Amino acid sequence: MKDRTQIDFTKVYGDVPASFSHRVEYALRRCEKEETKPMKRKSTVAILLVALVLALTTTAVAAVLSGTIAFYGQQYGPDFQEKLEQGKLAPGGQSTVVNGVTVTMTDFVIVPDQTQWLYGVGELDTPADTLSFYATGALMPAPGENLVLLADMYEYKSTDPAGYDLFYGTTPEAPEGAPSYADVAKEKGATLRQVRCIANGILDAEGKLLVNTIGSCIVPQTDGSVVFSIEIPSEHIIAEQDSYQISLSIDMEDLDAEGNPIEGTYMHKDWIVTLVPRKAE
């Protein structure tokens, strides 16, 4: 089977909405998880959250403290981490509030790369030089909001143990009898809100979205926040620039006590974030 990072869904299904492509991506990723049980890995969440705090207070985030590099190093191993360390860091700290939820970028890493699948051309005889983009961020209730956040619209349920990562091994296993998201919301008298943030893609110089296969994951944290990652291994030839723009899709919807979506509560926002790589010292 062809790797999903090399699948162009517009060619397979024709001109389809971005949301459909994202749903297919999620379905494929879920199948991959069910085929291979995740390995137990040492958590790097503390590193990620430290980097997030730094990103909120300063733009001078050292690569060694990059939450994105730490996250992908944990997920894909030391070789992949070394690859990201060769890239350029674009500090995070960009933030927006959607329906009582604060979305904050940790940081971005822009990596020299090669693609064997070029959008509009197909598979190449010789790999083309381009750039790939990686990022992490967090969703959390805005100050004064009484919310319980449920990570992801497709992978987690209101009956799952609250705050525990069930797929990526970034948190310890949930203890037996751990309260569910629905339990915590009931105890706090809070609104249960399912949330996600994924990438639409990179914009070109004219602000047009470059169609691309997107990788992402979204991970609940025991403090009630939700960490997300973005991976864009480009299928376009992208040259190095002073800045880049990435389009993010933020979606959320409230759930009732049984975990069913409440009609009329769905909200969506496309958020454009500008990345400015740090200059070499």
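The values are calculated or read from the model by the stated rules, or taken from the named source; none is laboratory data. Here the structure is a predicted model, which is why all the values come from computation and not from measurement. Ideal geometry is used to build each Cβ from the backbone, glycine not excepted, and the neighbour counts take in all protein chains shown. SASA here: full protein model, heavy atoms, side chains in, ligands and nucleic acids out. Shrake-Rupley method; radii C 1.70, N 1.55, O 1.52, S 1.80 Å.
Accessible surface for F71 stands near 10 Å², nearest 10, in the context of the full protein assembly shown (1.4 Å probe). With just the Cα atoms defining each centre, how far is region 71-121 from region 198-233? Give it in Å. Distance between centres, Cα-based: 8 Å. Normalising by residue count, region 75-223 has a Cα convex hull of 151 Å³ per residue. Within region 154-206, the GluC sites (Glu not before Pro) that combine a DSSP coil assignment with at most 13 other C-beta atoms in a 10 angstrom radius are E173, E176, E206. Peptides 141-150, 211-220 ranked from most to least packed, by the mean per-residue count of other Cβ atoms within 10 Å: 211-220, 141-150. Take the Cβ-Cβ distance between E258 and A178 as r, set R0 to 22 Å, and report the resulting FRET efficiency rounded to the nearest 0.05. Rounded to the nearest 0.05, the efficiency is 0.70.
Could you work out what % of the accessible surface of region 60-194 is carbon and sulfur, using a 1.4 angstrom probe and leaving DNA, RNA and ligands out of the count? Here carbon and sulfur together make up 49 percent of the probe-accessible area. What the Cβ-Cβ distance of E187 and S95 gives, at R0 = 22 Å and to the nearest 0.05, is a FRET efficiency of 0.15. Accessible area per residue for region 146-281 is 47 Å², calculated with a 1.4 Å probe on protein heavy atoms, without ligands, DNA or RNA.
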